[in-house]
Amino acid sequence: MIIGIKPNALRETRWYEYAIRFVLGGATTVFAGLIAARFGPIIGGLFLAFPAIFPASATMIEKHVRERKEQAGLSGARRGKDAAALDASGTVLGSFGLAAFAAVIWALIETSPALALGLAMFVWFAVSMLAWRLRRRGRSMAHC
């Protein structure tokens, strides 16, 4: 898999797809806030970690990839599902980084909020990249 930036993908996304992401993300945040108000910030934070826009993003990725293949005269159903599955695996890998971020914040927030945030961002990035590299390495070793 090659990682890159594809600016023309912004043109493929319709306005209502952005609206769906915005509404789902906002609704999840409001829901987490209500839970935090009722049960406290620790429980509310667990719900805030829910990947609010993932369901909408996964279905949009599947749709866009399928449509591109069909425009080229090919069946895009399988390719669209594979693209959504790759996005889902990236979400799982990113959740390891999110857990590491939370652990650093938990350990250091009362000592030094600025240090906690800076170190937590670094740890999030490092753990996410390590998880991605390990998965990539595991896949390449499986093909041997």
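The values are calculated or read from the model by the stated rules, or taken from the named source; none is laboratory data. Because the structure is a prediction, the values reported are computed rather than measured. FYI the Cβ positions are ideal-geometry reconstructions off the backbone, even for glycines, and counts take in every protein chain you see.
Inside the range 99-122, residues that are part of a helix (DSSP H, G or I) and surrounded by fewer than 17 Cβ atoms within 10 Å (Cβ to Cβ) make up a count of 13. Checked against (1) among the hydrophobic types (A, V, I, L, M, F, W, C); (2) at pLDDT below 80; (3) closer than 26 Å to residue 13 by Cβ, residue 144 passes all but a single condition, namely (3). Every condition in (1) more than 24 Å from residue 121 (Cα to Cα); (2) loosely packed, with under 13 Cβ neighbours inside 10 Å is met by residue 83 except one, and the failing one is (2). In the set (1) farther than 28 Å from residue 133 by Cβ; (2) touching a residue at least 40 places away in the same chain (Cβ under 8 Å), residue 49 fails one condition alone, (1). Return yes when residue 32 is surrounded by fewer than 12 Cβ atoms within 10 Å (Cβ to Cβ) and either at pLDDT 80 or above or more than 18 Å from the chain's Cα centre (by Cα) (or both) and no when it is not. Spelling it out, it is not the case that residue 32 is surrounded by fewer than 12 Cβ atoms within 10 Å (Cβ to Cβ) and either at pLDDT 80 or above or more than 18 Å from the chain's Cα centre (by Cα) (or both).
So which of 57, 95, 128 ends up being surrounded by 14 or more Cβ atoms within 10 Å (Cβ to Cβ), of a type in the set (Ser, Thr, Tyr), under 28 Å from residue 26 (Cα atoms) and at pLDDT below 85? Step by step, each of 57, 95, 128 is checked, and only 57 is surrounded by 14 or more Cβ atoms within 10 Å (Cβ to Cβ), of a type in the set (Ser, Thr, Tyr), under 28 Å from residue 26 (Cα atoms) and at pLDDT below 85. Identify, by number, the condition in (1) closer than 20 Å to residue 42 by Cα; (2) at pLDDT below 95 that residue 81 doesn't meet. So residue 81 meets the others, but not (1).
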